[in-house]
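First comes the structure, then the notes that go with it.
Nothing in this text is a laboratory measurement; each read-out follows from the coordinates by a stated rule. Since the model is a prediction, treat every value here as computed from it, not as a measurement. Every residue, glycine as well, gets a Cβ built from its backbone with ideal geometry; the counts of neighbours run over all protein chains shown.
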Amino acid sequence: MAYQTLTVELDDYVALIRLNRPDALNALNAQLLSELGTALNEADRNEKIRCIVLTGSEKAFAAGADIKEMSTKSFVDVYTSDLFGAEIDRITATRKPIIAAVSGYALGGGCELAMACDFIICADNAKFGQPEINLGVMAGIGGTQRLTRFVGKSKAMDMHLTGRFMDAAEAERSGLVSRVVPAARLVAEAVAVAKKITEKSQVAVMAAKEAVNRAYETTLREGILFERRSFQALFATEDQKEGMAAFLEKREPQFRDR
Ligand code: HXC
């Protein structure tokens with residue numbers, strides 16, 4: 001499928017999706033988010049894809065929702081369309097793992113988009129922020145909730161109320177990102193991490209992703225029960241037998257997603 005606001009490349013079993021609105025620092029408009037939803041749907045359906053990397057340009061992952069597109073909207077417009085609500089939910093509904101590879105600015109909706117992915121690897125030039133407060137509004141696609149869960153109330157409140165940016169070192173220190181790599185190697189490193197994931201049993205990967213994400217949705221007790229049942233269910237797979245036999249036989253496992 002041909003897209004106007006993003007590109008999709010396949011690298012072995014990894015789909016590399018690059019946001020591509022360079023004139024607007026990849027600002028998220030309706031077209032981009034709709035195309036991203038379609039690309040993710042296709043990746044989820046395509047058996048050859050086992051992991052997804054979402055990235056932008058070196059200067060910007062995404063500098064937020066498109067301010068030009070939003071500026072004239074009324075309350076009724078954004079309420080009745082639930083502006084970008086369904087679009088961001090589509091991202092979190094993706095069954096396959098999505099790694100956000102962030103270089104440069106990830107601001108406002110761009111920071112929220114990165115946080116809606118399963119984890120974030122960033123370049124050493126990354127800058128995260130929720131500067132909506134400077135526009136007379138606030139985060140609207142998960143930023144107050146997800147950033148608070150990632151970095152805690154104090155830093156989240158600081159970022160949402162002052163609009164300040166967080167650099168890569170602070171983002172790693174605060175638990176917002178899993179790794180920081182040199183900007184020139186960001187995409188290669190993120191794809192290498194994705195390829196590692198593609199070597200695992202896809203059943204176990206999906207179950208683990210679901211269980212970790214459940215930690216954000218439920219109580220500790222319910223989450224632990226969910227994890228326990230998922231762990232137990234994996235003993236119904238051939239991949240569990242294969243993985244454990246391979247360990248005991250001192251060889252690499254051959255997972256078949258069964
Ligand atoms: C539309 C944007 C944009 C945005 C940048 N551009 N961010 N267009 N929406 N969010 C455009 C600029 O207008 C400019 O176009 C071009 O991209 C380059 O940007 P510059 O500002 O010239 O670049 P620079 O001086 O390097 O500054 C980079 C920047 C700055 C610090 C990232 O662009 C900036 O502050 N952008 C806005 C960040 C922001 O407030 N994001 C939150 C948006 S609200 P022209 O045509 O002039 O060259 C949001 C709400 C989410 O995200 C919830 C939705 C439901």
### Query
Only one of Val205, Val187, Val177 is assigned to a helix (DSSP H, G or I), on the phi < 0 side of the Ramachandran plot, touching a residue at least 12 places away in the same chain (Cβ under 8 Å) and under 15 Å from the mean Cα position of the chain (by Cα); which?
Val187
### Task
Go through region 59-139 and tell me which helices (runs of 4 or more DSSP H), entirely inside it, have 3 or more residues that are farther than 28 Å from Ala211 by Cα and within 11 Å of the ligand (Cβ to nearest atom).
67-70
### Task
Please verify whether region 42-53 includes one or more residues that are assigned to a loop (DSSP other than H, G, I, E, B), in contact (Cβ under 8 Å) with a residue 40 or more places away in the chain and within 13 Å of the ligand (Cβ to nearest atom).
no
### Contacts under 7 angstrom Cβ, first residue in region 235-258 being touching a residue at least 24 places away in the same chain (Cβ under 8 Å), partner of a type in the set (Lys, Arg) and surrounded by 14 or more Cβ atoms within 10 Å (Cβ to Cβ), 6 or more apart
Phe255/Lys200
### Query
Identify, please: which residue in region 141-154 is on the phi < 0 side of the Ramachandran plot and buried (at least 19 other Cβ atoms within 10 Å of the Cβ) and is, among those, nearest to the ligand (Cβ to nearest atom)?
Ile141
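What are the residues in region 208-221 that are within 14 Å of Cys51 (Cα to Cα) and without any contact (Cβ under 8 Å) to a residue 60 or more places away in the chain, if any?
Result: Ala208, single match.
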#### Entry: Condition met for Glu172 (free of Cβ contacts under 8 Å to residues at least 60 places away in the same chain, surrounded by 17 or more Cβ atoms within 10 Å (Cβ to Cβ) and either touching a Phe, Trp or Tyr at 6+ places or on another chain (Cβ under 9 Å) or outside any strand (DSSP E or B) (or both))
yes
### Task
Output the qualifying pairs, or none if there are none: Cβ atoms under 7 angstrom, residues six or more apart or on different chains, first residue in region 142-154 and of a type in the set (A, V, I, L, M), second residue exposed (fewer than 15 other Cβ atoms within 10 Å of the Cβ).
Val151/Gly175
#### Entry: Flag for Thr144 being among the polar types (S, T, N, Q) and closer than 17 Å to Lys209 by Cβ
no
### Task
Just need a number here: residues in region 6-28 that are in contact (Cβ under 8 Å) with a residue 12 or more places away in the chain, within 14 Å of the ligand (Cβ to nearest atom) and surrounded by fewer than 18 Cβ atoms within 10 Å (Cβ to Cβ).
2
#### Entry: Meets criteria (over 25 Å from Glu47 (Cα atoms) and touching a helix residue (DSSP H, G or I) at 6+ places or on another chain (Cβ under 9 Å)) for Gly243
no
